Amino acid sequence: MLEDRKWENTAPEVPVEFHARFEQTLEEIEKKPSGKRIKLRVFAVVAAACALCTATVAAKEAFKWSDALLKIFQPSQAQQQELVEEGFVQGVGQSVTQSGVTVTLQEALQDSHSVYILFEVETPESIVMDDTAEFESGLNLTVDGKYIFDALREDGIMTSGSGGGGFVDMNRYGEQEEDASHKRYYEISYNFLGDEYDFSGKTLEVSLENLMLGGEKALPGKVVAEGAWNFRWQVGDIGSEKRIEINRTYDFGGYEICIESLDISPLGYVIYADYDDAMKVEEDERNTFTYTGDDPGMEIDARIGIRAVEYQDGTKVELMYGDGGGADPDKENGVYKVQERFGQVVDVENLKAVYLMQGDVRVPLSEEEKGE
């Protein structure tokens, strides 16, 4: 979902490969200048000064997916209900109006390694939104009162993480937006590597500040609606990721890499590869940018990222790129981890295989095929 939309803090000259690769250690996060405009920016925590919205979260039995979320994540009818019941998708439905602009937090999606939040933004006739629309600040999610990455670090969960946000280009989902000048959708997401984190029962808070228009490249736009749109909600019980043991070696463009296991939810995944095998790619990436033979020159997380899935009925689905995620070389435990959020929901219980290496490497998940 990253390539075809305007993300706030965009650096226009950054190549597409950067999006799949962007991953920062905690030390890098803390050293990042707050004023730097980059493709995926990790913000420092911002204290909310305005009163928080207190609307209640929609009950599971009453929740209905918004049209925008349906278009973005493309769930089947059965998945819509299952994901709500399992807590991966939660209706929030809180609205706040500031300076004539109404922002509604429609849904929040979360699993053990990511959080995704979708907002609807409506402006009065005097404010006409275009592709330069952005919020001056929007990546300040807190968990039980602490900035999300600080909370994960204090709990010993996170080894690295990334965050991104921006207005969604809904045209890429097959339908022309009729009133995009006065109604658009804004999304933010956080992805992190480390142990599984249980968001169940946690109180999340987020604030969007100052709607701007007219920005060019790395230059900020002009504030057209001043204010802070604050939201707070409690996460319900969330289902667990599914662990699938693989323990097979595959050829990834001339590199033999053992894929040990896969943690997967309908929203994303973590792949565990053999550390020594994966580091051969890392070492070559550091030492040379010249490739020969069949090697496409991809970094390790692009090589072993999931790009398509195959279901039990034989249907193969090419996946839209999600966002964020990254790689974590864990030498102590002998594994190399790659995490990513899917661009659309995946039916985990009916998976037969996943395709890595830009779809070139098929990894069977069924016991029948793995036993061959």
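The values are calculated or read from the model by the stated rules, or taken from the named source; none is laboratory data. Keep in mind that this is a model prediction, so the values were computed, not measured. Backbone-built Cβ (ideal geometry, glycine too); neighbour counts: all protein chains shown. Quick note on the areas: whole protein, heavy atoms, side chains included, nothing else; ligands and nucleic acids left out. Shrake-Rupley method; radii C 1.70, N 1.55, O 1.52, S 1.80 Å.
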How many nm separate the modelled label positions at N171 and D330, each set 7 Å beyond the Cα in the direction of the Cβ? 4.3 nm
Backbone N under 15 Å from the D195 label point (7 Å along Cα→Cβ), restricted to the range 103-136: 112-113
Determine, from the Cβ-Cβ distance of R362 and L219 and an R0 of 41 Å, the FRET efficiency 1/(1 + (r/R0)^6), rounded to the nearest 0.05. 0.35
With the cut-off at 19 Å, tell me which of the pairs K64/K316; K280/K331; K316/K352; K242/K337; K146/K331 have Cα atoms farther apart than that. K64/K316; K146/K331
What FRET efficiency comes out for the pair E154/E256, r = Cβ-Cβ distance, R0 = 56 Å, nearest 0.05? 0.90
Within 10 Å of each candidate Cβ there may be at most 15 other Cβ atoms; applying that plus a DSSP loop requirement, which GluC sites (Glu not before Pro) in the range 102-168 survive? E125
With a 1.4 Å probe and all protein chains left in place, how much accessible area per residue does the range 62-187 have, in Å²? 36 Å²
With each pseudo-label sitting 7 Å past Cα toward Cβ, what's the A308-D179 distance in nm, one decimal? 4.0 nm
